[in-house]
Amino acid sequence: MNVLPRLLVASLFVPGIARAADLGSIACCADLSEDQMDRVRELNDRLFVYDGCDDTISTCLDRSVPLAERLAAQVCRHVRAGMPDEAVARALDLRARSMMPSPPASIDLAGLPMVGDPTAPVVLVEYACARCPFCAKVTPVLVREIREGSLKGRVRMYFKQFPIKGHPGSAESGLAALAAQDQGRFWEFLLLAYQRFDAFSPTHLPRWAAEVGVTGYDTAVASPELRDRLVASKKEGMANGVKATPTFFISGRMWQGNPTLEMLLDVLDEEYERLVGSR
């Protein structure tokens, strides 16, 4: 018989969470078939919560532990997607490893472009580049959520350059973004580059930069100092274990799971609640 790995655990409590027998009240679970729901219940009976209760997801739901509902919702999403049991267990284990307290990575935030309330408690760092296709989908939505959505006042996000050879134009785009950053136009340039991702050509970069208000483009991107900064950012990321983009650090901890937007919004909300003690 397969034995699924037990996740790490800790403790905190709040009332009003769905009971194990009432999974249908969790939005992600409501439209599952009966067979899928049975599988969710079996997994919840075998997988453990890592914060809020030293027991299974099912038992912790009955004890009204907030994180148990988040994990039950994640199980429902994975079951709906057809993930096998071991893959579901692995995904929850990676979440636990990412979210449990650990020594923070060494990340220099000085002078970095930041979006969000500078006093927001959750510090999110994204290592990415302007030519990363998944970054182009996730980053603009994160920026919007932090500026005016569910993460407003909760999360501030810093952007670290991490050019990748496999992304054509990554270095050139990184220099362009740094030039825009130095003139206070970083987010305008990055979001424009993501918006026009499929129309990219290195020859478009001077025009795109000018559109968002960057002046003296050719001189700026030819600066050895700018190139040194790009290289230093890449080296720092590599020292912190970054291998691909986007890679996120939440309160200094690398997110090790699949960085889907739905998952990131969920764990950032979890981290906010942990830090402010609202649960």
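Every number here is computed from the coordinates shown, using simple stated rules; none is lab data. Not measured: the values here are computed from a predicted model. Ideal geometry is used to build each Cβ from the backbone, glycine not excepted, and the neighbour counts take in all protein chains shown.
Just a few scattered comments:
- In terms of packing, defined here as the mean over residues of other Cβ atoms within 10 angstrom, the peptides 35-46, 165-176 line up highest first as 165-176, 35-46.
- Note on K243, K152: ascending count of other Cβ atoms within 10 Å places them as K243, K152, the fewest first.
- Cysteines, the chain, no other Cys beta-carbon under 4.7 Å: C129
- Cα gyration tensor shape for segment 120-168, rounded if a/c is under 1.5, else prolate or oblate: oblate
- Which of V88, W208, M263, positive extreme of dipole for the chain (C-beta unit charges): W208
- Value of relative contact order over the chain, rounded to a whole percent, pairs C-alpha under 8 Å and six or more apart: 21
- Which of R229, R95 has the fewest Cβ neighbours within 10 Å, and the rest in rising order: R229, R95
- Student exercise, the chain dipole from Lys, Arg, Asp, Glu Cβ charges, in Debye to nearest 20: 660
- Of the residues A179, F162, M114, the one whose Cα sits farthest towards the positive end of the charge dipole of the chain is A179 (charges of +1 on Lys and Arg Cβ, -1 on Asp and Glu Cβ, taken about the Cα centre).
- Given charges at beta-carbon only (K, R positive; D, E negative), |dipole| of segment 114-250 in Debye: 360
- Burial order of peptide ranges 263-274, 58-69, 104-115, 82-93 (average beta-carbon count within 10 Å, highest first): 58-69, 263-274, 82-93, 104-115
- Cα gyration tensor, the chain - rounded (a/c under 1.5), prolate or oblate: prolate
- Counting lysine pairs in the chain that sit 8 or more residues apart in sequence, or on different chains, and whose Cα atoms lie under 28 Å apart gives 15.
- One Cα centroid belongs to segment 62-127, the other to segment 183-216; the line between them spans 31 Å.
- Looking at the chain alone, DSSP beta bridges between its own residues are antiparallel in about 55 percent of cases.
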